[in-house]
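Down below is the structure, laid out as structure tokens.
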Amino acid sequence: MQRIGVFVCWCGSNIAGTVDVQAVSDALRNEPGVVFSTNYQYMCSQAGQDIIIQAVKEHNLTGIVVCSCSPRMHEATFRKTAAAAGLNPYMVEIANIREQCSWVHKDMASGTEKAIILGKAAVAKVNLNAPLTPGETPVTKRALVIGGGIAGIQTALDIADAGFPVDIVEKNPTIGGKMAQLDKTFPTLDCAACILTPKMVDVAQNDNIRIFSYSEVEDIKGFVGNFDVKIRKKARFVKEDICTGCGLCTEKCPVRKVPNEFNLGMDNRRAIYIPFAQAVPKVATIDPDACNMLKSGKCGVCSKVCTAGAIDYKQQDEILDEKYGAIVVATGFNPISMDKFDEYAYNQSKDVITSLEFERLTNAAGPTQGKLLRPSDLKHPHTIVFVQCVGSRCASCAEKGKEYCSKICCMYTAKHAMLIRDKYPDTEVYVFYIDVRTPGKNFDEFYRRAVEEYGVKYIKGMVGKVVPEGDKLKVQASDLIAGKQLHIDADLVVLAAAIEPDKSARPLATMLTASMDTNDFFTEAHPKLRPVESPTAGVFLSGACQGPKDIPETVSQASAAAAKVIGLLVKDKLTGNPCVASANEMMCNGCSTCERVCPYGAITYIDKEFRMPDRTVATRRVAQVNPAVCQGCGACTVACMSGAMDLRGFMSSQIIAEVDAICK
Amino acid sequence: MHNDNRKIADEIILRSGVNPRKCMKCGKCTATCPAFDRMEYHPHQFVYMVETGDIEPLLESKSLYTCLSCFACVDRCPRGVEPAKLVEGVRNAVIRQQGKNHMTADDVPGKLDSDLPQQAIVSAFRKYTK
Amino acid sequence: MQVNKYRPLIVAFCCNWCSYAGADLAGNNRLNYPADVKIIRVPCSCRVNPSFVLRAFQRGADGVIICGCHPGDCHYTSGNYYTRRRMALLFSMLDYLGIERERTRLEWVSAAEGAKFAATMNDFAEQVAALGENKRLEDLRCKR
């Protein structure tokens, strides 16, 4: 049986004005378990707290009920008081008789009556309280960033600058991501490579950063502060530490016709290749699907020309086991496939291209050395049609497009159109749009400049079909403002393809037990207030893996994620919330229902041996809650069919005791 | 009268199963329409006019009969509005409004030409005399 | 003044992050609602086991209201979605057992909606008072 002390606060006249505090303390004195009851003007003051400490010692109290203001106000205060008196801080309960009683009820009689009932409920709860101790777990002071695009690069640099080691895992042979493929960046028109490649060099030179390029995350176990990650370093058949990146092998390799993925297949590379001149790490990689030596054992040219002796045809995939305290997801995006948009003739004509392909076409390092030449006949196009929202905002065609707005297309199309009109004023440029969305700093001004200064023809309407005819593309479109159907003979059609999360995101989310939306974007812990954290503790989100984003937004989110990671890694130990769920193993029937409702992946199942009454040993599957991951919402407690799951601090028995006390 | 129009519009919406509010006014239906030049009101206008209840001009428009029902607009619409079904719904409304056919028996002689089969002329008179 | 108006007993389950804070805000703004409403704090509305609601009715509560964060705003991401489904089932079952729909309610109250909290409680208390005493589910074994 508990020995409970009740302390009723007047809060000056805030409570005492409408509640007869003496009557409350007198009434509660007769409750089961209560051995002491008093009232005082300001319980939260030093003198008030001293009364509590004194009473604990004099009356050997094991539990405390304070009838005062909201627990959101002073629960922490009174818990400290209890600790100072030598009690477990979780043996304190607050009856909220100010915000939820004296301040909202004018009548003394009913106010006092309610205050007594609230006090009784708190006493009933404390009778069932048990001392709780928050668990502590150590923190591995190293972060993992998955994805080496601008998001991952920025996050890694910020974490490394704060003094913590970071590893970047990138599935391609080089970091840089999509931004490395872009030509200029809106709205300032800086060249993407000029602002990105110095950052890539910073990453390479930073002592706190390790780059695992051409690598993938294979498995993730553990929880916040203590993740165990398996990383597969794919065999690139070149010794990374020896290769100097001279590029001689890539010139001598006899396999010349491998589509170059960096230029989106618009030109070719060799079987051994370095994706682009500024690649980091600048190391050659052999494409095993194209290399003659690896396929048939006949060739070996690269090995002969390599003066450093870096080629190793026998290299195997390597599995690394690493430990991390925090994981940042920065898996980025891809344009969707245009295969199903027959109306735009993407698969029929080489001159119908996506905007990302257009970036490569205008890039000085691209297949045309930056000259705007159309892919089919390398002639200069004179009439160019841009189509916006190809696959974006597409509610009816889940198999084709995406329901959401891809956000970046309006701006890059304005950029493309403007750059064409700037370099080639003889070119007619049409942009067909549904809406032009430019919410960003200097964005609308940028779009208006394309229209007003550069004479880009923006037409409100959509393109209905594109038909290749001779060397022209017949474009049929609507002009909704003129009420006309337009027929344009175009030389080049550029499709603003919707963007989607990278395909690697979903399996990764499963490994992380991080939640995703139906579009495979990672969901944030709170859409407004915790936008860079995953609901899974220790997992953070950076860039377009969380939703469509342009570069400025991606970089801000990347730095925000880094700040959150640093905030986690500076701690030596994580103190948990002791009010977490726990399963009664004797009652658990191993049904996995709780595992499915847990938003944090805090529940796992283990096989455990139990001694049965007949002295045999039985192995049963039982739920186990990781207190470091559990946030204490209680969803599992209600889902549990056998009643095995309970929430410390808010146990079912405690809440029922409160209900009973109120309904008595 | 306005209420009447709204009522007819609602009936059209109900019968066709089309929700014109889903339209985001992109104009892809109109861009894709092969009968554009022969239409007074174009597919996106059809959708808008039914949405706003501006039905009368539609009921009287010849555009109803120039729609080929090729369903290109249905196929291409990114929001699944299905304009062609709406056009069919309006046609249906015209037919259901007795005496409100797009032509009367008096108009038939003016449209005769020598290639027209006799049976068609007789049935046209029968149909539009009612 | 209605002197003899029936004074119902109402149990309100409020989630710690939104609705309990909303109730505190109603207090800060001195927005009155009947003293018949007694609040029980739970971490999340999804902590409310249907058996708690049944228990309240068994022990003579006249109405039970559950308040949580607005959909999409749950502190624990998805807890209130579970609540929404559980309570839809529970309330229809209670209705079948003769506990009128008007005696149960699920309401979304954010931490900023003190006024909504007070208005909801006023409305609910009036609604329950109009029905009078609830005798349907009282446990005969604990008849006092």
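Quick one: the Cα spread of the range A:91-220 along its three principal axes, in angstroms, biggest first?
Computed over the range A:91-220, the largest-to-smallest principal extents equal 76, 39, 26 Å.
Which listed residue (A:Met462, A:Val229, A:Leu196) has the Cα farthest towards the positive end of the charge dipole for chain A, taking +1 on Lys and Arg C-beta and -1 on Asp and Glu C-beta about the Cα centre?
A:Val229
Under the rule of at least 5 residues apart or a separate chain, name every residue whose amide H is placed under 5 Å from the amide H of A:Ser515.
A:Thr523, A:Thr536
Along the charge dipole of the protein assembly as shown, pointing to its positive end and built from +1/-1 on Cβ of Lys, Arg, Asp and Glu, which listed residue (B:Ile55, A:Ala657, C:Leu89) has its Cα farthest out?
My answer, from the dipole projection, is A:Ala657.
Can you find, among A:Pro89, A:Gly152, A:Cys409, the residue farthest towards the positive end of the dipole of the protein assembly as shown? Put +1 on the C-beta of Lys and Arg, -1 on that of Asp and Glu.
Value: A:Pro89.
Normalised radius of gyration for the range A:262-344, please: alpha carbon Rg relative to 2.2 N^0.38 Å, two decimal places. Don't jump to the answer; show the numbers that get you there.
On the way: Rg = 18.1 Å, N = 83, 2.2 N^0.38 = 11.8 Å.
Rounded to two decimals, the normalised Rg is 1.53.
With +1 assigned to the C-beta of every Lys and Arg and -1 to the C-beta of every Asp and Glu, and no other charges, what is the dipole magnitude of the range A:3-159 about the Cα centre in debye, to the nearest 20?
Details: 13 positive and 12 negative charges, 64 e Å.
My answer is approximately 300 debye.
By per-residue mean of other Cβ atoms within 10 Å, what is the highest-first order of C:37-44, A:189-196, A:293-300, A:646-653?
Working: C:37-44: 25.1, A:189-196: 16.2, A:293-300: 13.1, A:646-653: 19.6.
Packing order, densest peptide first, comes out as C:37-44, A:646-653, A:189-196, A:293-300.
Can you compute the FRET efficiency between C:Lys5 and A:Thr133 using 1/(1 + (r/R0)^6), with r the Cβ-Cβ distance and R0 = 41 Å? Round to the nearest 0.05.
Working: r = 49 Å, r/R0 = 1.20.
Calculated value: 0.25.
Can you give me the three principal axis dimensions of the range A:46-124 from its C-alpha atoms, in Å, biggest first?
Cα extents, longest axis first: 38, 22, 21 Å.
Which whole number gives the average, over all residues in A:244-256, of C-beta atoms from other chains lying within 10 Å of the residue C-beta?
Values: counts 0, 0, 0, 0, 0, 0, 0, 0, 0, 0, 0, 0, 0.
Other-chain Cβ atoms within 10 Å of each residue's Cβ, averaged: 0.
Compute the projected area of the convex hull of the Cα atoms of chain A, averaged over all viewing directions, and report it in nm² to one decimal place.
Values: hull surface 162.8 nm².
Across all orientations, chain A yields a mean hull projection of 40.7 nm².
Ranked from highest to lowest mean number of other Cβ atoms within 10 Å per residue, what is the order of the peptides C:6-15, C:67-76? Could the numbers behind the result be given before it?
On the way: C:6-15: 23.7, C:67-76: 21.7.
Top of the packing list down: C:6-15, C:67-76.
Per residue of A:94-102, how many C-beta atoms from partner chains lie within 10 Å of its own C-beta, taken as a mean? Before the final figure, lay out each step's value.
Values: counts 1, 0, 6, 0, 3, 12, 14, 4, 2.
Mean shielding count: 5.
Just how large is the dipole of chain C about the Cα centre, in debye to the nearest 20, putting +1 at every Lys and Arg Cβ and -1 at every Asp and Glu Cβ?
500 debye
Got a sec to turn the phi values of the range A:21-33 into Karplus ³J(HN,Hα) couplings, 6.51 cos²θ - 1.76 cosθ + 1.60 with θ = phi - 60°, whole Hz, x for Gly and Pro?
Values, residue by residue: 4, 5, 4, 5, 5, 5, 5, 6, 4, 8, 6, x, x Hz.
Out of the range A:313-358, which trypsin sites (Lys or Arg not before Pro) are coil in DSSP terms and have no more than 11 other C-beta atoms within 10 Å? All intermediate terms of the calculation are to be shown ahead of the outcome.
Numbers: sites: A:Lys314, A:Lys323, A:Lys340, A:Lys350; in loops: A:Lys314, A:Lys340, A:Lys350.
Passing both the DSSP loop test and the Cβ count: A:Lys314.
Cα centroids of the range C:35-93 and the range A:172-249: how far apart, whole angstrom?
Measuring centre to centre over Cα atoms gives 49 Å.
I'd like the Kirkwood hydrodynamic radius of the range A:335-499, using the inverse of the mean 1/r over distinct C-alpha pairs, in Å.
On the way: mean 1/r = 0.0629 Å⁻¹.
Answer for the range A:335-499: a Kirkwood hydrodynamic radius of 15.9 Å.
Would you mind getting me the FRET efficiency between A:Leu373 and A:Cys194? Use the beta-carbon distance for r and R0 = 22 Å, nearest 0.05. Please report the intermediate quantities before stating the final value.
Details: r = 23 Å, r/R0 = 1.06.
After rounding, the FRET efficiency stands at 0.40.
Can you sort A:Phe540, C:Phe117 by how many other beta carbons sit within 10 Å, fewest first? Before the final figure, lay out each step's value.
On the way: A:Phe540 30, C:Phe117 33.
Taking fewest neighbouring Cβ atoms as first place, the list is A:Phe540, C:Phe117.
Would you calculate the convex hull of the Cα atoms in the range A:581-648 and tell me its volume per residue in Å³?
80 Å³
Compute the distance from the alpha-carbon center of the range A:451-522 to that of the range A:261-319, in whole Å.
After rounding, the separation between the Cα centres reads 35 Å.
For the peptides A:41-50, C:93-102, what is the packing order when you average, over each peptide's residues, the other Cβ atoms within 10 Å and list the highest mean first? Show your work: numbers first, answer last.
Details: A:41-50: 16.0, C:93-102: 14.0.
Highest-to-lowest ranking by the protection proxy: A:41-50, C:93-102.
Say R0 is 30 Å: what FRET efficiency, to the nearest 0.05, do B:Lys25 and A:Asp489 get from their beta-carbon distance? Walk me through the intermediate numbers first.
Numbers: r = 27 Å, r/R0 = 0.89.
So, using R0 = 30 Å, E works out to roughly 0.65.
Ordered by residue, what ³J(HN,Hα) values in Hz, to whole numbers, does the range A:464-479 give under the Karplus form 6.51 cos²θ - 1.76 cosθ + 1.60, where θ = phi - 60° and Gly and Pro are x?
After applying 6.51 cos²θ - 1.76 cosθ + 1.60, I find x, 7, 10, 10, x, 9, x, 9, 10, 10, 7, 9, 10, 8, 9, 10 Hz.
Tilt of helix A:71-84 relative to the longest C-alpha principal axis of chain A, in degrees (0 to 90, nearest 10)?
Helix A:71-84 sits roughly 60 degrees off the main axis of chain A.
If you take each beta carbon of peptide A:456-469 and count the beta carbons of other chains within 10 angstrom, what is the mean? Walk me through the numbers on the way to the answer.
Numbers: counts 0, 0, 0, 1, 3, 7, 12, 5, 12, 6, 0, 0, 0, 0.
So the per-residue partner count for this stretch is 3.
Using the crude model of +1 on Lys and Arg Cβ and -1 on Asp and Glu Cβ, and no other charge, please compute the dipole size for chain A relative to its Cα centre, in debye to 20. Each step should come with its number before you reach the end.
Details: 75 positive and 74 negative charges, 151 e Å.
Computed charge dipole of chain A: roughly 720 debye.
Å³ per residue of the Cα convex hull, for the range C:10-136? Write down the numbers at each step before the final one.
Numbers: hull volume 10.5 nm³, N = 127.
Spread over its residues, the Cα hull of the range C:10-136 gives 83 Å³ apiece.
Given the -39500 (n - 2.57) contribution per DSSP H run of 4+ residues, what per-residue ellipticity at 222 nm results for the protein assembly as shown, rounded to the nearest 500 deg cm²/dmol? Please list the in-between numbers first.
Values: 30 runs with 309 residues, N = 938.
Mean residue ellipticity at 222 nm (helix-derived): -10000 deg cm²/dmol.
Report, by chain and number, residues whose modeled amide H sits under 5 Å from the one on A:Leu87, excluding near sequence neighbours (fewer than 5 apart, same chain).
HN-HN under 5 Å from A:Leu87: empty list.
Measure out, as a whole number of angstrom, how far apart the alpha-carbon centroids of the range A:115-150 and the range A:400-428 sit.
50 Å
Would you pull out the residues with amide H under 5 Å of A:Glu500's amide H, same chain only if 5 or more places away, H placed 1.01 Å from N?
A:Asn334, A:Ile336
Which whole-Hz ³J(HN,Hα) couplings does the range A:146-156 yield from phi under the Karplus relation 6.51 cos²θ - 1.76 cosθ + 1.60, θ = phi - 60°, glycine and proline marked x?
Karplus-based 3J(HN,Hα) across the range A:146-156 equals 9, x, x, x, 4, 5, x, 4, 5, 4, 4 Hz.
A short reminder: the numbers here are calculations on the coordinates, not readings from a lab. What you are looking at is a predicted structure, and each value in this text was computed from that prediction instead of being measured. Quick reminder, even Gly has a Cβ in these numbers, built from the backbone with ideal geometry, and neighbours come from all protein chains shown.
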